[in-house]
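In what follows, a single structure is set out as C-alpha cells and then discussed.
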Amino acid sequence: MTVMSTPIRRRLSDAPFLAAATGASPNRRPVWFMRQAGRSLPEYRELRAGVGMLESCFDPELVCEITLQPVRRHGVDAAILFSDIVVPLKAAGIDLDIVAGVGPVIAHPVRTVQDVRALPRLRHEEVGAIAEGVRLLVGELGDTPLIGFAGAPFTLASYLVEGGPSRNHERTKAMMLGAPDTWHALMGALTDIAVEFLRAQLTAGVDAIQLFDSWAGALSLAQYREFVLPHSERVFAEIGDGVPRIHFGVGTGELLGAMGEAGADVVGVDWRVPLTDAVRRVGPGKTLQGNLDPATLFAGPQVVEREVRRIAREADEAIALGAAGHIFNLGHGVLPDTDPGVITATVELIHSLPSPL
C-alpha cells in the first residue's frame, strides 16, 4: 500500500472554478474545456512535431508547457493536466502504443482470467515523470487551478479487452456478461491502477480530479449498476474528498443518476441532455459541468453566442432546481480543427455573463 505524503496545496479560495465545484458562489461564471490543450493550438502542433504522444506524456517539461498553453491563450479558469488515459497502463508495463489516426492499441489484449492475473500493478515511482510535471505546473499556474485526471476502470477495461478503440465493445460486453468473475477481477485491478495514478497527482499538488468514463455510454443502466458502478465508487472513495472530484462520460444521459451516486462532487453532462433535465436525473447537491456541443464552435459567432446564452440560462435554472453550481464546458472535447480564436472569444463571452445565481 502506498503511503501518501501530504501535499502543500495552494490556497485558491477565490478561484471561480473551485468555488463552483464546491457549491460556493464564484465571482464570475467559470469555464474550461476538455481537450483545451492539444491539436487545436498551433503552438501545440509546433511543440509536438516529431515527438510521439506517449513520449510527450512522460516528459515533465513538455507536460507543463502544453498544459499551460490554453491558459495563456484563452484565459480559462482551470488547467487540465496534459496526459492520456492509457498513461498509467503504459507506466505499469503494459505493452501499448498510441497510433496516429487510431488511438491506443494494446499488443496483447486481455481475454482470459490468466491474462487478468498477469496484469502488473502500478507503483508510485512509475508515474514520477507525471508527478514532476504536476509540480512544475503548480509553480507556474499562479491562481489557476490544475485538474488531474484518470480513465475510469470501465473505459480502461474496454481498451484492454478490445485491443484498441471499438464501436460496439462486443468482446468487452461478452466478458462482462459471460465471465463476470473474470470481469470483476479485471475491474478491480484497473481500479487499483486508477487510484494509484490519481494519488500520485494529488500528492504532487493537483487542485481537482476528473474521472473520464469515455465509453460508459455503451452500457444499459442495469449493466452499469452491476458491472461498473461499484468500481467507480471505489475510485472516488479511496482518493477521498480533499479536492473536488468530477465524473464524466459521453452518451451517458441514461446513466447520469447512477454516475451521480459514484461519489463525485461534480457531474459532467454531454450535449445531448439539457442541464435542466440533468439536475433532475442527478439529484440536488451536485455541481453540473457542461455542456456546449463542440460542433457549435464551427457555426459562426451568432450561433455560438445564442447557444452559450441558452446554456447559461439552463444552468441558472438547474441551480434553482437544486444543483450546487455550474462549470461551463463543452459536452465533450475541443475538436482538432476548431479555430483557437473562436475558443478565446467564447471564453470572453462566458466571462461577460452574470455569475450563476
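Before moving on, here are some points about what is shown:
- Count of region 209-237 residues, restricted to those that are of a type in the set (F, W, Y) and farther than 21 Å from D265 by Cβ, is 2.
- Checking A295 against (1) touching a helix residue (DSSP H, G or I) at 6+ places or on another chain (Cβ under 7 Å); (2) assigned to a helix (DSSP H, G or I); (3) among the small types (G, A, S), the condition it does not meet: (1)
- Residues that are in contact with a helix residue (DSSP H, G or I) (Cβ under 6 Å, 6 or more places away or on another chain), in a loop (DSSP other than H, G, I, E, B) and within 27 Å of G23 (Cβ to Cβ) were ranked within region 323-340; the one that is least open to solvent (accessible area, probe 1.4 Å) is A323.
- Qualifying residue in region 203-215 (condition: open to solvent by 20 Å² or more (accessible area, probe 1.4 Å), within 18 Å of D84 (Cα to Cα) and of a type outside the set (G, A, S)): yes
- Considering residues of region 125-183 that are farther than 25 Å from R234 by Cβ and of a type in the set (G, A, S) only, the residue nearest to the chain's Cα centre (by Cα): G133
- Considered as a group, the residues in region 264-299 that are touching a strand residue (DSSP E or B) at 6+ places or on another chain (Cβ under 9 Å) and of a type in the set (G, A, S) include one that is farthest from L335 (Cα to Cα), and that residue is A264.
- One residue from V303, V308 being of a type outside the set (D, E, K, R) and open to solvent by 10 Å² or more (accessible area, probe 1.4 Å): V303
- A Cβ distance below 7 Å, combined with a sequence gap of six or more or placement on separate chains, defines the contacts here; from region 128-142, residues that are β-branched (V, I, T) reach residues that are outside any helix (DSSP H, G or I) and open to solvent by 10 Å² or more (accessible area, probe 1.4 Å) in the pairs I130/S83; V138/R10.
- Qualifying positions in region 227-239 - surrounded by fewer than 16 Cβ atoms within 10 Å (Cβ to Cβ) and farther than 21 Å from A21 by Cβ: P230
- Selection within region 12-43: residues that are more than 19 Å from G331 (Cα to Cα) and under 20 Å from the mean Cα position of the chain (by Cα). The member of this set that is most open to solvent (accessible area, probe 1.4 Å) is T22.
- E55 buried (at least 18 other Cβ atoms within 10 Å of the Cβ), free of Cβ contacts under 8 Å to residues at least 40 places away in the same chain, acidic (D, E) and out of contact with any Ser or Thr (no Cβ under 6 Å at 6 or more places or on another chain): no
- Output for region 100-124, where each listed residue is within 21 Å of the chain's Cα centre (by Cα) and among the β-branched types (V, I, T): V102, V105
- Elements of type helices (runs of 4 or more DSSP H) contained in region 3-65, each with 1 or more residues being of a type in the set (G, A, S) and at negative phi: 16-21, 53-57
- Residue list for region 341-357, restricted to those being modelled with pLDDT of 95 or more and either open to solvent by 20 Å² or more (accessible area, probe 1.4 Å) or at positive phi (or both): G341, V342, T344, A345, E348, L349, H351, S352
- Annotation note: of I85, I98, I94, I130, the sole residue that is β-branched (V, I, T) and either within 30 Å of S355 (Cα to Cα) or part of a helix (DSSP H, G or I) (or both) is I130.
- When G178, G163 are screened for being without any contact (Cβ under 8 Å) to a residue 12 or more places away in the chain and open to solvent by 10 Å² or more (accessible area, probe 1.4 Å), only G178 passes.
- Qualifying position, being open to solvent by 10 Å² or more (accessible area, probe 1.4 Å), under 18 Å from G23 (Cβ atoms) and of a type outside the set (S, T, Y), among G242, G251, G257, G268: G242
The values are calculated or read from the model by the stated rules, or taken from the named source; none is laboratory data. Here the structure is a predicted model, which means the values were calculated and not measured. A quick note on method: Cβ atoms are made from the backbone with ideal geometry, for glycine too, and the neighbour counts reach across all protein chains shown. Each accessible area value is taken on the protein alone, full model and side chains, heavy atoms only, with ligands, DNA and RNA left out. Shrake-Rupley method; radii C 1.70, N 1.55, O 1.52, S 1.80 Å.
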